[in-house]
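Worksheet for the structure shown next.
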Amino acid sequence: MANVTLPNTRREVKAKASRDDWTMRAFMLMIGTYLVVALAFPLYAMLSKSFEDKDGAFIGLDNYINYFSTPALFNSIENSVFISIVTMVITVTLAFFYAYALTRSCMRFKGFFKIMAMVPILVPSLLPGIGLIYMFGKQGYLKWMLFGHEIYGPLGIIIAEVFFTFPHALLIIMTALAISDGRLYEAATVLRASKWKIFWTVTLPGARYGLISAAFVVFTLVITDFGVPKVIGGQYNVLAVDIYKQVIGQQNFSMGAVVSVVLLIPAIFAFYVDRQVQKKQVAQLSARAVPYEPKPDIRFDALMMSYSSIIVLIIVTILATCQFAALVKFWPYNLDIGLQHYNFDLMDGGGWDAYYNSIKMALWTAAVGTIVVFTGAYMVEKGRGVEKGRTLFQFLAMMPMAVPGMVLGLSYIFFFNNPDNPFNFIYGTMAILVVSTVTHFYTVAHLTAMTALKQMDKEFESVSQSLQQPFYKMFLRVTVPVCTPAVLEIAIYLFVNAMTTVSAVVFIYSTHTQLASVAVLNMDDAGDIAPAAAMGMMIFYTNAIARVLHMFVAKALEKRTQAWRQR
Amino acid sequence: MSANTVGSDTGRKPYLTTTDLTKNFGSFTALSDITLEIYEGEFVCFLGPSGCGKTTLLRAIAGLDIQTFGKVTQAGKDVSNLPPSERDFGIVFQSYALFPNLTIRRNIAYGLENRGHSKAEINKRVDELLALVGLASQADKYPAQLSGGQQQRIALARAIATNPGLLLLDEPLSALDAKVRAHLRHEIKELQRTLGVTTVMVTHDQEEALTMADRIVVMNNGVIEQVGTPIEIYRDPATAFVADFIGTMNFIPGEFNGGTKLKMGEVELQCEVQGTGPKGNILVAFRPENMLVQEDATELPNSFEAEIKYMEFMGSFFRVDLMSKSASADAHIKGDFSINMVRRTGVKEGDTIRVSIPKDRLTIYPGASNNG
Ligand SMILES: Nc1ncnc2c1ncn2[C@@H]1O[C@H](COP(=O)(O)OP(=O)(O)OP(=O)(O)O)[C@@H](O)[C@H]1O
Ligand SMILES: [Mg+2]
């Protein structure tokens, strides 16, 4: 074996790409291009706008200097960070104990508690704000509980944001608690550690990545949220609303761009930290971990159940208040029940058409988004070669999570409303709303698809190639059917979020494409709070029905395919 | 470098060759300069410890992970840079990679479609294959409803459905329990003989390689240590690594300075060593089963005294642990004693006996302080 060959005299073998390889690369390139056009270019347009004056002349940092010398503007940074941190602490604490109850106790009706905790996901963030106004506002029936404090302002914002972010935090923490290793508890119990000691030395450390991740997700959601502070913020300025005010109120697009850039920074930072933490959590999961099985304990279970019931009661109260207010003639003076607030056609905001548009938009988003996201994920995960291209694609797919909806929407004005842009024709159409929404929610959908694809045997593609069968046959006949649960999950996720989103669409809807969520905003703005509540509840019912349908379809599918699904 | 060809095969044209095949993962070299010839209809096993590069070599041959340098030819054609779909092989993975949502019939038919065959033809071929692997009654079940061994056979049927010129198997039996494995070993070999398809199987199980292969390629750390028939590999291991990896081997430090005698400690032994072997400090190697025990007064040639430290009953023989002050101060020597011999002589733990190693069963390898 003493053969000496000089490496530089040998030619490296360059793999020849097959027709399938080229087709898959073409698909990846197409979807990558989509992300560049729908995300990177608009963001660039917005960034350059922040260095221009009203007439489009380059003025360097003037806008920024202007921003940081106007207290009314830069004070919002502190306000935004303040409410985000307070909400973060409260939500994570509440969600942790709720998750603890769901995973570590033997309380009854866990299924019910799990579903009820997810309800806030189904409503636009404007709605809890409206609910709180009816409960604690000037004529609120629980106003006495505030002891003279104002609900309009940080207090209201924080309560509504906790409602809005609770399910997101809960999902993450529940996953973290569910994967922790039952063997550690056994060991601790054998060592006669007390319940408290186990809690502090096993439970909390085990869930630490989940807690950190949840904290950053909540932080990002709150700092980028627009609905809650818009409705209940009063004079308390925050960044997301500032963008809206600059753009819609004062038509000062450059300043809107500056605020957007300012808002991007904490969002990107939180996103980055969260990604690092998620990676660690995956590494922590050992293959041989045994799930923890809680044992009944009457007092502890009762305590946990009371706690969970209180949380559910608060969620239900806020929504029920909205529904009740939407049905009564004139809160609080005439409590006769009637449907007059459902005459949306008489109000600003687009009427019932807005509602139907929303459903149309959500269906398009679910259909187009699921196909684009899943296909893209497949090409990037199962394709061969072009490693650099795939890394770039991954990066593009992760980016939307770091971009607040308001920022994306504003970027779309700058980019698509430019008459020189060849894509200008989609401005003002349903298409741009779908593009914006698909892009805004791309990352979570992409991650869901990737997780499902990674669970498929890596060698399916190898076998298919050795049998000289085209990749699309594999994709359509094996990959998609096997991944159907994930595909449905992506579709319902996109649908629900398309129904509720305001921030990603508020700048780019047109008179022909008004949306229900925006109608809630506009009716509330115009003082028609009861119709706004009514429309918000319509969104809730639509999403609830969609969720139930999804559940039935998923169940039916599971039954039909259980012959081949291993458990 | 000499091509790893065996004498009896000269004159035949190789079906599959790799020439100076090298595979790098970043700065790590997983395979270096692998040159190999495989003949038509041969059953070749790649054998070696975990991480030695067996799978990497197989995947390079398949075009699934193309080598960094070097050439691969199949049926006289240079396929070095071709994607798998433009090569001619069937493959079975350790995981079987059966499509879970397709029935057994459709799994096997998968590769037969889009080739201009009619439905009836495809069905006929699938039935044929199902009969061949003895699972005709399972056609409409799903993979998850079959046992591991049955799934393995379906994967095999799918791989040979299109009559590929080359069959590649990556540890096809390692996910099965011992009994099924032994049975399938035989079945796969039988099938391969019937079909006459050139086959390469990766395994880290020496018993599998010894029983199934026409030739074995022993690999270690990304290089080929030896190529040969199972008997050649077992009888004449080319390197100490092969000797140690295949079967059990005693290695005792010794000294050899040419001629027909070597020294093992104070013991002098006759040997038959070719002139090209190592000299100076060496390792004397012999297998436990080649050790003879002196049963009466007549002294055996090449014998020395040893004390029985421990006897382990292995079923059909005893594995005996011996110490010999004269041969080595601290080396334990393993010997295999037949049940009959033990009964005959009544040897037991603590006895001191005379053992002998026939001179044609002694091999020498370079010693620790001797860079060969
Ligand atoms: N994609 C890869 N990137 C980096 N290193 C790799 C990669 N694939 C294999 N290796 C390394 O190359 C070496 C050979 O791997 P290979 O899978 O061929 O081993 P093997 O002989 O098949 O072992 P086993 O019996 O465990 O399957 C190992 O050290 C492995 O870590
Ligand atoms: Mg391997």
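Taken together, the values in this text are just the output of simple stated rules run on the coordinates, not laboratory data. Note that the structure is a prediction, hence the values are computed from the model and not measured. Glycine also receives a Cβ, built like all others from the backbone with ideal geometry; neighbour counts cover every protein chain displayed.
Put simply, the amide H of B:Leu167, placed in the peptide plane, has neighbours under 5 Å in B:Gly90, B:Thr198, B:Thr199, B:Val200, leaving out anything fewer than 5 places away on its chain.
Build a GNM of chain B with springs between Cα atoms under 10 Å apart, and of B:Leu168, B:Leu184, B:Leu146 the one that fluctuates most is B:Leu146.
Among A:221-228, B:328-335, how do they line up from the highest to the lowest mean number of other beta-carbon atoms within 10 Å?
The peptides rank, most packed first, as A:221-228, B:328-335.
Straight-distance candidates among the aspartates and glutamates for linking to A:Lys280, with alpha-carbon spacing under 18 Å and chain neighbours fewer than 8 residues away dropped: A:Asp181. Cα centroid separation, region A:514-533 to region B:173-220: 72 Å. By its C-alpha gyration tensor, with a ≥ b ≥ c as the square roots of the eigenvalues, how is region B:123-206 shaped: rounded for a/c under 1.5, else prolate for a/b larger than b/c, else oblate? Cα axes put region B:123-206 in the oblate bin. Taking a sphere under 15 Å around the Cβ of A:Ile130 and counting the other residues whose Cβ falls inside, with K and R at +1 and D and E at -1, yields a net charge of -3. Counting every alpha-carbon pair across chain B, the share separated by more than 30 Å comes to 50%.
Helical content of chain A, expressed as a calculated mean residue ellipticity at 222 nm, amounts to -21500 deg cm²/dmol (DSSP H runs of 4 or more residues, -39,500 (n - 2.57) each, divided by residue number, nearest 500).
Could you calculate the FRET efficiency of A:Met118 with B:Ser27 from 1/(1 + (r/R0)^6), where r is the beta carbon distance between them and R0 is 60 Å, rounded to 0.05?
Numbers: r = 49 Å, r/R0 = 0.81.
That gives a FRET efficiency of 0.75.
Cβ crowding within 10 Å ranks A:Met304, A:Met24 as A:Met304, A:Met24, fewest other Cβ atoms first.
Mean projected area of the convex hull spanned by the Cα atoms of region B:305-368, taken over all viewing directions: 5.3 nm².
Of interest is the spacing of the C-alpha centroids, which for region B:62-116 and region B:295-372 amounts to 50 Å.
FRET efficiency for B:Ser326 and B:Thr229, Cβ-Cβ distance as r, R0 = 41 Å, nearest 0.05?
So the FRET efficiency works out to roughly 0.65.
Taking every DSSP helix (H) stretch of at least 4 residues in chain B, weighting each as -39,500 (n - 2.57) and dividing the sum by the residue count yields a mean residue ellipticity at 222 nm of -6500 deg cm²/dmol. Pairwise alpha-carbon distances in region B:1-150 exceed 19 Å for 64% of all pairs. Taken over the alpha carbons of region A:431-567 as equal point scatterers, the Debye sum produces base-10 log I(q)/I(0) values at 0.09, 0.13, 0.16 Å⁻¹ of -0.41, -0.73, -0.94.
Which pairs, out of B:Lys13/B:Lys77; B:Lys309/B:Lys334; A:Lys49/A:Lys360; B:Lys261/B:Lys348, put more than 22 Å between their alpha-carbon atoms? Numbers along the way, then the final one.
Details: B:Lys13/B:Lys77 13 Å; B:Lys309/B:Lys334 10 Å; A:Lys49/A:Lys360 32 Å; B:Lys261/B:Lys348 31 Å.
Beyond 22 Å: A:Lys49/A:Lys360; B:Lys261/B:Lys348.
Packing, taken as the mean count of other beta carbons within 10 Å per residue, orders the peptides A:459-466, A:494-501, A:551-558, B:157-164 from highest to lowest as A:494-501, A:459-466, B:157-164, A:551-558.
Which part of region B:316-333 falls in the paramagnetic zone of B:Lys261, meaning amide N under 17 Å from the point 7 Å along Cα-to-beta-carbon? Answer for this model: B:327.
On average, how many beta carbons from a partner chain sit within 10 Å of the beta carbon of a residue in A:464-476? Please list the in-between numbers first.
Details: counts 6, 9, 18, 16, 10, 7, 2, 1, 0, 3, 2, 0, 0.
Per-residue shielding by partner chains comes out at 6.
In plain terms, the chain from A:Asn75 to A:Lys54 could stretch by 5.2 nm, reckoned as 0.36 nm per residue minus the Cα-Cα distance.
Using a 10 Å cut-off on Cβ to Cβ distances, tally the other chain neighbours for every residue of B:69-76 and report the average as a whole number. Before the final figure, lay out the partial values.
Numbers: counts 6, 5, 1, 1, 0, 0, 0, 0.
Mean shielding count: 2.
With N residues in region B:248-366, what two-decimal value do you get for its Cα radius of gyration over 2.2 N^0.38 Å? Walk me through the intermediate numbers first.
Numbers: Rg = 14.1 Å, N = 119, 2.2 N^0.38 = 13.5 Å.
Relative to the 2.2 N^0.38 Å estimate, region B:248-366 comes out at 1.05.
From a point 7 Å beyond the Cα of A:Leu29 in the direction of its Cβ, which residues of region A:349-380 have a backbone N at a distance under 16 Å? A:379-380, by backbone N distance to the label point. Across region A:77-202, the convex hull enclosing all Cα atoms gives 152 Å³ per residue.
Of the Cα atoms belonging to region A:53-93, the radius of gyration and Dmax stand at 15.8, 49 Å. When the Cα convex hull of the protein assembly as shown is projected onto planes of every orientation, the mean area is 52.4 nm².
In summary, the lysines within cross-link reach of A:Lys329, defined as a Cα separation below 21 angstrom excluding same-chain residues under 8 places away, comprise A:Lys138, A:Lys143. Sequence-ordered 3J(HN,Hα) estimates for region B:331-339 from the Karplus curve with 6.51, -1.76 and 1.60 and θ = phi - 60° stand at 7, 7, 10, 9, x, 9, 10, 6, 4 Hz, glycine and proline given as x.
Helices meeting the span-like rule in chain A (full DSSP H runs, Cα extent of at least 20 Å along the helix axis, mean Kyte-Doolittle score of 1.6 or higher): A:154-179, A:208-224, A:298-327.
Check the straight Cα-Cα distances from A:Lys279 and name the lysines below 17 Å, setting aside those fewer than 8 residues away within the same chain. Within reach: A:Lys454.
What's the local net charge at A:Val218, with K and R +1, D and E -1, over the other residues with C-beta under 11 Å away?
That sum, taken over residues with Cβ under 11 Å, equals -3.
Helix B:119-132: angle to the longest alpha-carbon principal axis of chain B, degrees 0 to 90, nearest 10? Helix B:119-132 and the main axis of chain B meet at about 20 degrees.
The mean number of partner chain beta-carbon atoms within 10 angstrom of a residue's beta-carbon across peptide A:480-488 is 1. The ranking of A:Trp564, A:Trp331, A:Trp352 from fewest to most other beta carbons within 10 Å of each one's beta carbon is A:Trp352, A:Trp564, A:Trp331. With each label modelled as a point 7 angstrom along the Cα→C-beta vector, the B:Ala175-B:Asp296 pair spans 5.9 nm. Three principal axis extents describe the C-alpha atoms of region A:359-423; from largest down they are 38, 29, 25 Å. For every other residue with a beta carbon closer than 15 angstrom to the beta carbon of A:Ala326, add +1 if it is Lys or Arg and -1 if Asp or Glu, then tell me the sum. Surrounding charge for A:Ala326 is -2.
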